[in-house]
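Below is one structure, written out as structure tokens, with a few remarks after it.
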Amino acid sequence: MLQSPTSDSSETAIQPAPLLEFDHIGLEYPFGESMRTIIQEISLNIKPGEFVSFVGPSGCGKTSILRMVSGLSPTKIGELRCHGQPVTKPLKNVGIAFQNPVLLPWRRTIDNVLLPLEVVHPYKRDFKKNHQKYLEMAQKLLQAVGLKDFQQQFPWQLSGGMRQRASLCRSLIHQPEILLLDEPFGALDAFTREEMWVMLQNLWMEAQCVGILITHDLREAVFLSDTVYVMSPRPSEIAFMQKIDLPRPRTLEMCLSDEFGHLAAELRRHIHKN
């Protein structure tokens, strides 16, 4: 199991218990009359409030990891635990943002953001009673991402970057413990993407939740993460782990530093090694 080294037992004693534990996780798919191994084995821990990224070649099972964590596709090989309990069904403490924002076209921005509170327990039960409170929560998030004046617009009236910002607000409105991000900025232009890095970092630091990002952009992984895991080609495993010790909050100017460039280059070297 991959773990960060500690200098002594007293330091180990103050480490927080992991929120998520990957215990020899694997993944197989039927292929003809046999099974094809996609993920050979992954063992790692993710601490409360930690932001991690998974990078690696297409088809190595990165998105499948998010589905396992969410409980939408519980692992059948090994065990994935949240708060020490096996994940065997969809979790309620998860927010998800995809590459495609998937906003409901008939709902205005504010109503798209409020959607999880209408369908997720325990918020669903008291949605009408607490509507004003929830409305203020949504407006606060939209203000934080610069969409305060676009609450009444429909998705088709927003740019791609605006729709993705609204999607991030929706994923955080129910204050999840775990935020899953499946290449959320992959469809955006380079300038908008970098602006979104800063915006996501600010939202995550405010929410203090676990962040798990799937990305092909190594600079994005370095900018956002506390830890980056490089996955090998399938049958995949963790080929390399890189701790990112850059101070927060991080700025786009830091992307030009030698230290930032060295971290991205080290990740690239291990990806091309496999």
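Points worth noting:
- Selection from the stretch 1-35 of residues that are assigned to a helix (DSSP H, G or I) and either modelled with pLDDT of 85 or more or within 18 Å of Ile46 (Cβ to Cβ) (or both): Thr12
- Within the stretch 91-110, being surrounded by fewer than 17 Cβ atoms within 10 Å (Cβ to Cβ) and over 16 Å from the mean Cα position of the chain (by Cα) holds for Val102, Leu104, Pro105, Trp106, Arg107.
- Residue in the stretch 144-163 that is nearest to Ile46 (Cα to Cα), counting only those that are polar (S, T, N, Q) and modelled with pLDDT of 95 or more: Gln151
- Against the list (1) in contact (Cβ under 8 Å) with a residue 24 or more places away in the chain; (2) surrounded by fewer than 16 Cβ atoms within 10 Å (Cβ to Cβ); (3) within 16 Å of Ser171 (Cα to Cα), the condition Glu118 fails is (1).
- Top-ranked residue of the stretch 39-60 - restricted to ones that are of a type in the set (S, T, N, Q) and modelled with pLDDT of 95 or more, ranked as surrounded by the fewest Cβ atoms within 10 Å (Cβ to Cβ): Ser43
- Of all residues in the stretch 232-274 being more than 22 Å from the chain's Cα centre (by Cα) and outside any helix (DSSP H, G or I), the one that is farthest from Gly26 (Cα to Cα): Ser257
- Subset of the stretch 150-185 that is in contact with a helix residue (DSSP H, G or I) (Cβ under 6 Å, 6 or more places away or on another chain) and among the small types (Gly, Ala, Ser) - its residue that is surrounded by the most Cβ atoms within 10 Å (Cβ to Cβ): Ala166
- Count of residues meeting criterion [outside any helix (DSSP H, G or I) and small (Gly, Ala, Ser)] in the stretch 204-226: 2
- In this entry, Glu220 is excluded by the filter for residues that are surrounded by fewer than 17 Cβ atoms within 10 Å (Cβ to Cβ), touching a residue at least 60 places away in the same chain (Cβ under 8 Å) and within 17 Å of the chain's Cα centre (by Cα).
- Residue among Gln201, Gln175 that alone is assigned to a helix (DSSP H, G or I) and not basic (Lys, Arg): Gln201
- The lone criterion from (1) outside any strand (DSSP E or B); (2) under 15 Å from the mean Cα position of the chain (by Cα); (3) modelled with pLDDT of 95 or more; (4) surrounded by 17 or more Cβ atoms within 10 Å (Cβ to Cβ) left unmet by Tyr229 is number (1).
- Val87, sole failed condition from (1) surrounded by 16 or more Cβ atoms within 10 Å (Cβ to Cβ); (2) touching a residue at least 40 places away in the same chain (Cβ under 8 Å): (2)
- Residues located in the stretch 232-274, provided they are of a type in the set (Asp, Glu) and surrounded by 15 or more Cβ atoms within 10 Å (Cβ to Cβ): Glu237, Glu266
- Pairs are defined by a Cβ separation below 8 Å, a sequence spacing of at least 6 or placement on different chains, a first member in the stretch 39-55 that is closer than 21 Å to Trp197 by Cα and hydroxyl-bearing (Ser, Thr, Tyr), and a second member that is at pLDDT 95 or above and in a strand (DSSP E or B); the pairs so defined are Ser53/Ile212; Ser53/Leu213; Ser53/Ile214; Ser53/Thr227; Ser53/Val228; Ser53/Tyr229.
- Boolean, Phe154 is within 27 Å of Val55 (Cβ to Cβ) and among the aromatic types (Phe, Trp, Tyr): no
The values are calculated or read from the model by the stated rules, or taken from the named source; none is laboratory data. From a predicted model like this one, the values you see are computed outputs, not experimental measurements. Methodologically, a virtual Cβ is constructed for each residue, glycine included, from the backbone with ideal geometry; neighbour enumeration extends over all protein chains shown.
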